[in-house]
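The values are calculated or read from the model by the stated rules, or taken from the named source; none is laboratory data. Computed from a prediction, not measured in an experiment: that's the story for all the values here. Virtual Cβ from ideal backbone geometry, glycine too; neighbours counted across all protein chains shown.
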Amino acid sequence: MTNDSSGGARSGPGDEAVRNATGRGWDEWFAQLDAAGAREMDHRQIVARVGEIEPDASGWWRQSVAVGYEKARGIRQDHEKPGGFEISRTKTVDVPLAAAYEAWSDAEVRSRWLDASVRIRKETPGKSMRVDWPEGGQILDVRFTEKGPAKTQVSVQHTKLPDAEAAGSMKNVWTAALTRMKELLES
């Protein structure tokens, strides 16, 4: 966490990383984007303006500068995306990929660690799932990555959350749920 030029807290890449990648630090970006009227622009327009100011900046850095600016200026909240708010959590478990996948795909096993009734909408066995969360059209994207013969990374991205408060709450929910999943699988 770093401070923006108005003294507020800003998350994301630090000043040195931004300067190394784009040739400018945050204060310079904030001043140039303010002068360009970026407070009145939408995200795509800000990204385009960053590209005009620094054509050699990669697409990733153009996005990062735009998001950093939006957060510093109160245009965007933490976890806010164009389609709503989203969070992600990851947990590595010391079990084979098939066991981690079954912890999600088998409703009986899933009920032992997840305190919600979800519906699997789409799945690619052993790789990923798209899951309906029981509230407000929210969606989970779950990915399984083998990290060794008996080690699997499980990543959950929870999308279409209504606001920053819900996103913060769901970070805690998923931290606890994935910890329970890990404890169940490794016991």
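Among the criteria (1) in contact (Cβ under 8 Å) with a residue 12 or more places away in the chain; (2) surrounded by 18 or more Cβ atoms within 10 Å (Cβ to Cβ), the one Met41 does not fulfil is (1). The set of residues in the stretch 118-144 being of a type in the set (Phe, Trp, Tyr) and in a strand (DSSP E or B) consists of Phe144 alone. What tally of residues in the stretch 127-162 results from selecting those that are in contact with a strand residue (DSSP E or B) (Cβ under 6 Å, 6 or more places away or on another chain), in contact (Cβ under 8 Å) with a residue 60 or more places away in the chain, under 15 Å from Ile87 (Cα atoms) and not hydrophobic (A, V, I, L, M, F, W, C)? So the answer is 5. Within the stretch 146-187, being modelled with pLDDT under 95 and under 15 Å from Ala99 (Cα atoms) holds for Gly148, Pro149, Ser187.
Scanning the stretch 159-174 for residues that are part of a strand (DSSP E or B) and in contact with a Lys or Arg (Cβ under 8 Å, 6 or more places away or on another chain) yields a single hit, Thr159. Here Asp94, Asp115, Asp141 are screened, and the one residue that is of a type in the set (Asp, Glu), outside the structural domain of Pro13 (by TED's automatic domain parsing) and within 14 Å of the chain's Cα centre (by Cα) is Asp141.
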